[in-house]
Amino acid sequence: MIDSKTKLVALIGHPVEHSLSPIMQNAAFRDKNLNYVYLAFDVLPEKLKYVIDGAKALGIVGFNVTIPHKIEIIKYLDKLDKSAELIGAVNTIKVDKEAIGYNTDGIGARKALEEKIGKVENKNILIFGAGGAARAVAFELAKNNNIIIANRTLDKAKKLAEEIIEKLGKNSDEVKYVPLNTDLKDVDIVINATSVGMKKDDKPLATAEQLRGKVVMDLVYNPLETPLLKEAKKVNAIAIDGLGMLIHQGAEAFKIWTGVEPNINVMREAIMKYLN
Ligand code: ATR
């Protein structure tokens, strides 16, 4: 029940009306009997500067941050944790006397993988994309794996690879960059962190034969069955859909706000029920 002690967590983005976060977070709060509520606020870019002071004034305890505010919000925060600092973008904020920015996208992707295949270390991981989502995933997984960044614009892949090498103290054997149409021979795990697959007639970025024997994860969750995952399933490769990362990044944020571990299955069921 909402009462005078209910704590507020909110999503800020523009637009926000298609977000699944309110559904999964409110289900998780209810499941743990936590007196919290999660709402979505559509915040215009020119109004972003009021959000953190407003939250401190009102006692809003946390946020998720989505497009287009993930980078811009940083200048209004008091501190960044290591993940947000490395990635250069924030998707979660805890507000107390200070507002602290985190990025749970990378760890969310790791947990989604590890939920299906166990600990991910010393693997060769190819990531399609060099945008915001790819950055988060690449920085996290590069800690203990070899990373290959494949991107349409090769220069962006090169810049990201060089940045990871510098910031994580890696070398150019451990973090490479290649064009999109590349050989996947020595790759163990393939992750799509581009927007390819969202549109109905998008072509998959790899063929079934290329994906044979690999673990394939797509970060696109609308549609759930992407062209890439369809190819993976043709050769019985392990296929992980975009709900995995969505739920796990949300679960990590939940822990930051509440200190409590949420029930992943409750979050997943809430989304599946809402989508069907
Ligand atoms: P996000 O924050 O979701 O990662 P982004 O930063 O805009 O979004 O990045 C989008 C990624 O999808 C980029 O890697 C982009 O490739 P470019 O760097 O070459 O633009 C990739 N992408 C988008 N549309 C694509 C397409 N039709 N084919 C291949 N890659 C595409």
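Could you give the length gained by full extension between Glu174 and Val37, i.e. 0.36 nm per residue of separation minus their alpha carbon distance, to one decimal place? Spell out each step's value before the answer.
Values: separation 137, 0.36 × 137 = 49.32 nm, distance 4.28 nm.
Between Glu174 and Val37, full extension yields 45.0 nm more.
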Once amide H atoms are placed 1.01 Å from N in the peptide plane, what residues at a sequence separation of 5 or more from Ile240, or on another chain, have their amide H within under 5 Å of its amide H?
Val216, Met217, Asp218
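Go through 255-266, 156-167 and give me the packing order, highest mean Cβ count within 10 Å leading.
Answer by packing, highest mean first, reads 156-167, 255-266.
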Trypsin sites (Lys or Arg not before Pro), restricted to segment 27-89: which are DSSP loop and have at most 16 other Cβ atoms within 10 Å?
Lys32
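Using a ≥ b ≥ c from the Cα gyration tensor of segment 36-110 (square roots of the eigenvalues), is it rounded, prolate or oblate, where a/c under 1.5 gives rounded and otherwise the larger of a/b and b/c decides, a/b for prolate? Please list the in-between numbers first.
On the way: a/c = 1.44, a/b = 1.38, b/c = 1.04.
Rounded shape, in that the Cα axes give a/c under 1.5.
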Under 19 Å Cα to Cα from Lys49, which aspartates and glutamates show up? Leave out anything in the same chain fewer than 8 places away.
Glu72, Asp78, Asp96, Glu98
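Counting other C-beta atoms within 10 Å, and keeping those with at most 10, which DSSP coil GluC sites (Glu not before Pro) do you find in segment 110-146? Mind showing how you got there, number by number?
Numbers: sites: Glu114, Glu115, Glu121, Glu140; in loops: Glu121.
Those satisfying the criteria are Glu121.
May I ask what percent, to the nearest 5, of DSSP beta bridges between residues of the chain are antiparallel?
20
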Which of the lysines could a cross-linker span from Lys230 if the Cα-Cα distance has to be under 21 Å and same-chain partners fewer than 8 positions apart are dropped?
Lys116, Lys185, Lys199, Lys200, Lys203, Lys214
Dipole magnitude (debye, nearest 20) for the chain, charges at Cβ of Lys, Arg, Asp, Glu
140
Express the accessible area of segment 106-241 per residue in Å², computed with a 1.4 Å probe while the remaining protein chains stay in the model.
49
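Sorted by accessible area (1.4 Å probe), largest first, how do Ser83, Ser195, Ser21 line up?
Working: Ser83 35, Ser195 75, Ser21 10 Å².
Accessible-area ranking of Ser83, Ser195, Ser21, largest first: Ser195, Ser83, Ser21.
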Less than 16 Å apart at the alpha-carbon level, and either on another chain or at least 8 residues along: which lysines does that give for Lys47?
Lys56, Lys70, Lys75
Ignoring ligands, DNA and RNA, what accessible area per residue does segment 8-58 give at 1.4 Å, in Å²?
52
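Quote the relative contact order of the chain in percent (integer), defining contacts as alpha-carbon pairs under 8 Å separated by 6+ residues.
Computed value for the chain: 17 percent relative contact order.
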Shape call for segment 169-273, from the Cα gyration tensor axes a ≥ b ≥ c (a/c under 1.5 means rounded, otherwise prolate when a/b beats b/c, else oblate), comes out oblate
Principal axis dimensions, largest first and in whole angstrom, of segment 106-241 by Cα:
38, 32, 26
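In terms of the Cα gyration tensor, with a ≥ b ≥ c the square roots of its eigenvalues, is the chain rounded because a/c is under 1.5, prolate because a/b exceeds b/c, or oblate? Don't skip to the answer; put the middle values down first.
Numbers: a/c = 1.98, a/b = 1.50, b/c = 1.32.
In terms of gyration-tensor shape, prolate.
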In whole percent, and with a 1.4 Å probe on the protein chains, what portion of the accessible area of the chain is carbon and sulfur?
51
So, taking all protein chains as they sit and a 1.4 Å probe, how much accessible area belongs to Arg268, in Å² rounded to tens?
60
One finds the C-alpha centres of segment 6-28 and segment 174-209 to be spaced, in Å, by 30
Under a plain spin-label model, where a point goes 7 Å from the Cα along Cα-to-Cβ, how far apart in nm are Lys75 and Lys233?
4.6
Nearest-20 debye value, segment 1-137 charge dipole, Cβ charges on Lys, Arg, Asp, Glu:
260
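Using a 1.4 Å probe and counting only protein heavy atoms, arrange Ile60, Ile238 so the residue with the most accessible area comes first.
On the way: Ile60 15, Ile238 80 Å².
My answer, sorted largest first, is Ile238, Ile60.
Got a sec? What order do Tyr36, Tyr76 fall in by accessible area at 1.4 Å, biggest, i.e. largest, first? Please report the intermediate quantities before stating the final value.
On the way: Tyr36 40, Tyr76 70 Å².
My answer, sorted largest first, is Tyr76, Tyr36.
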If you count only protein heavy atoms and use a 1.4 Å probe, how large is the accessible surface of Thr66, to the nearest 10 Å²?
40
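The values are calculated or read from the model by the stated rules, or taken from the named source; none is laboratory data. Keep in mind that what you see is a predicted model, and the values were worked out from it rather than measured. Ideal geometry is used to build each Cβ from the backbone, glycine not excepted, and the neighbour counts take in all protein chains shown. Just the protein is used for accessible areas: all its heavy atoms, side chains included, with ligands, DNA and RNA removed. Shrake-Rupley method; radii C 1.70, N 1.55, O 1.52, S 1.80 Å.
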